[in-house]
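The structure under discussion appears below in the form of structure tokens.
The values are calculated or read from the model by the stated rules, or taken from the named source; none is laboratory data. In this text the structure is predicted, and so the values were computed from the model without any measurement. As a convention, Cβ positions derive from the backbone with ideal geometry for all residues, glycine included, and neighbour counts pool all protein chains shown.
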Amino acid sequence: MIQSHIAQLLNDQVNAEFYASNVYLQLSAWSECQGLEGAAKFFREHSMEERIHMDKIFDYMAECSVPITIEQIPKAPATFGNLMEAIQAAYDHELKVTAMIKNIAKQSFEAEDYTTFNFIEWFIAEQHEEEVLFDKIIDKAKVLGFKGEPGQSLYIMDNYLANVQH
Ligand code: FEO
């Protein structure tokens, strides 16, 4: 039996992952319009990963017979000054998601809900991977001296994003 405050946190997370999927989908759409096909591919694939995250929590709640409410999803940011701003926005978003996941871990542990605690551990590892991924991308930009300006380094970053493992 999942306690109501844990059920609420899980429901919030379903909606947050849905929103995250839209954030990345919108980033992909923005990249397409900038002629950044590599970034568009990267963000599009990441959007689908977020959808999988949503499904995982959805399935866990369904298994535990916890009611699920899909809320109205806010509009994702649609315009960015340049590719570095877009990458930074994605990274900042991941940090917010990490904080939400850690809170579920903390609350479920304190509530002695070890089933949810065990379930959410996968997401803790996943958030770590995502933060490492964005650190790697930002490091690559630093190596290139890329700050978002058009030119050869933008072309290289776009190609890098097309092929980066995530
Ligand atoms: Fe599902 Fe990138 O957090």
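Across the stretch 64-97, which residue is nearest to the ligand (Cβ to nearest atom) among those that are among the small types (Gly, Ala, Ser) and either at pLDDT below 95 or part of a helix (DSSP H, G or I) (or both)?
Looking at residues that are among the small types (Gly, Ala, Ser) and either at pLDDT below 95 or part of a helix (DSSP H, G or I) (or both), I get 90.
Could you tell me whether the stretch 42-63 includes any residue that is at pLDDT 95 or above, of a type in the set (A, V, I, L, M, F, W, C), more than 14 Å from the chain's Cα centre (by Cα) and surrounded by fewer than 17 Cβ atoms within 10 Å (Cβ to Cβ)?
There is at least one residue in the stretch 42-63 that is at pLDDT 95 or above, of a type in the set (A, V, I, L, M, F, W, C), more than 14 Å from the chain's Cα centre (by Cα) and surrounded by fewer than 17 Cβ atoms within 10 Å (Cβ to Cβ).
Counting only residues that are surrounded by fewer than 17 Cβ atoms within 10 Å (Cβ to Cβ), touching a helix residue (DSSP H, G or I) at 6+ places or on another chain (Cβ under 9 Å) and not hydrophobic (A, V, I, L, M, F, W, C), how many does the stretch 127-139 have?
3
When only residues in the stretch 98-118 that are within 16 Å of the ligand (Cβ to nearest atom) and free of Cβ contacts under 8 Å to residues at least 60 places away in the same chain count, which is surrounded by the fewest Cβ atoms within 10 Å (Cβ to Cβ)?
99
Quick one: residue 1 ticks every box in (1) more than 16 Å from the ligand (Cβ to nearest atom); (2) assigned to a helix (DSSP H, G or I) except a single one, so which number is it?
(2)
Considering only the stretch 48-79, state which residues are within 18 Å of residue 123 (Cα to Cα) and among the basic types (Lys, Arg).
Within the stretch 48-79, 51, 56 qualify.
Of the residues 160, 155, which single one is of a type outside the set (A, V, I, L, M, F, W, C), buried (at least 17 other Cβ atoms within 10 Å of the Cβ), away from the ligand (no atom under 16 Å from the Cβ) and within 29 Å of residue 39 (Cα to Cα)?
160
Would you check which residues across the stretch 119-135 are within 12 Å of the ligand (Cβ to nearest atom) and either charged (D, E, K, R) or in contact (Cβ under 8 Å) with a residue 40 or more places away in the chain (or both) and list them?
122, 123, 126, 129, 130, 131, 134
Can you work out which of the residues in the stretch 33-54 that are assigned to a helix (DSSP H, G or I) and free of Cβ contacts under 8 Å to residues at least 40 places away in the same chain is farthest from the ligand (Cβ to nearest atom)?
By that ranking, first place goes to 33.
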